[in-house]
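Enquirer: Here you go, one structure.
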Amino acid sequence: MAGQTPSWEDQIAEQQRMEWAEMTGGMQPVDDLDVGDFHRTSEYKQWFKLVQEDGMHIVDAPSGMHEDRDLVAEACFSNGRALQHVSEAFRGDVETVACAVSNYPEALAWASEELRDHRLVVLKAVRLCGGALEYASDGLRGDKEVVLAAVEQRGVALRYASLDLRRDPEVVLAATRQTKLALKYAAKELRADESFMQKATR
């Protein structure tokens, strides 16, 4: 119906598509691809379906298929842990890593050094699991927006933030709103500040 307001599910889906486009340069999400699009062998199609069921099947796939970008990306989208079993080239491929962290945010641990410093990839990971901040580059662990996203999802992710941000009252308060346990990781000078501690422990 013309003028109808999109449902919240549609709005979220559209936001996710926009984030994906920004992160990957407009590449089509792997889950939108149909295996019928590939003019490949029946064996390939069988393996594609297997990795759709569980990406860890990539471990047993014939060696040549380990170099197929679509198959590898689909495996990582199905099971982010599959990223640890793919080549260094794919660990440095933004679409493959984006697929992996969408399913298993801590897959960031197996991404290339360059992608652990990719702001949008890291933001995607920490918004889903704040603990993924552990695997971000030192630079991004000092990025206030990234750290806020992480501690709002999991307060104790504050432990992985830079010292400067563990001194930042806004960041620490955001973490303590998620869990008071985060105070353990605040800088000593903040924990010694009586006025701040009153706010943090309310």
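Enquirer: If each residue's Cβ is checked for other Cβ atoms within 10 Å, how do Phe77, Phe196 rank with the fewest at the top?
Expert: Listed from fewest to most nearby Cβ atoms, that is Phe196, Phe77.
Enquirer: Take Ser78, Ser42, Ser87 and order them by how many other Cβ atoms sit within 10 Å, fewest up front. Intermediate values should be presented prior to the final figure.
Expert: Values: Ser78 23, Ser42 7, Ser87 12.
The order, fewest Cβ neighbours first, is Ser42, Ser87, Ser78.
Enquirer: Right, another one. Rounded, prolate or oblate: pick one for the stretch 65-124, where a ≥ b ≥ c are the square roots of the eigenvalues of its C-alpha gyration tensor, a/c under 1.5 means rounded, and failing that, prolate if a/b is larger than b/c, else oblate.
Expert: It is prolate, given that a/c is not under 1.5 and a/b is the larger ratio.
Enquirer: Could you sort out which of Lys124/Lys144; Lys45/Lys124; Lys144/Lys180 sit more than 24 Å apart by Cα distance in this structure?
Expert: On the way: Lys124/Lys144 15 Å; Lys45/Lys124 30 Å; Lys144/Lys180 20 Å.
Pairs exceeding 24 Å: Lys45/Lys124.
Enquirer: Also: Taking the beta-carbon count within 10 Å as an exposure proxy, list Val146, Val59 from fewest neighbours to most. Mind dumping the intermediate values first?
Expert: Numbers: Val146 23, Val59 13.
Going from sparsest to densest Cβ surroundings: Val59, Val146.
Enquirer: I've got another one for you. Got a sec? Charge dipole of the stretch 48-202, +1 on Cβ for Lys and Arg, -1 for Asp and Glu; which of Leu173, Met65, Asn79 is way out at the positive end?
Expert: Leu173
Enquirer: Right, another one. What list of ³J(HN,Hα) values in whole Hz, one per residue of the stretch 118-125 in order, does the Karplus curve 6.51 cos²θ - 1.76 cosθ + 1.60 (θ = phi - 60°) give from phi, with Gly and Pro shown as x?
Expert: For the stretch 118-125, the Karplus-derived couplings read 8, 4, 6, 5, 5, 4, 4, 5 Hz, x marking Gly and Pro.
Enquirer: In debye, nearest 20: dipole of the stretch 138-202 around its Cα centre with unit charges on the Cβ of K, R (+) and D, E (-)?
Expert: 360
Laboratory data are not the source of any read-out in this text; all were calculated from the coordinates shown. Note that the structure is a prediction, hence the values are computed from the model and not measured. So basically every Cβ, Gly included, is an ideal-geometry build from the backbone, and we count neighbours across all protein chains shown.
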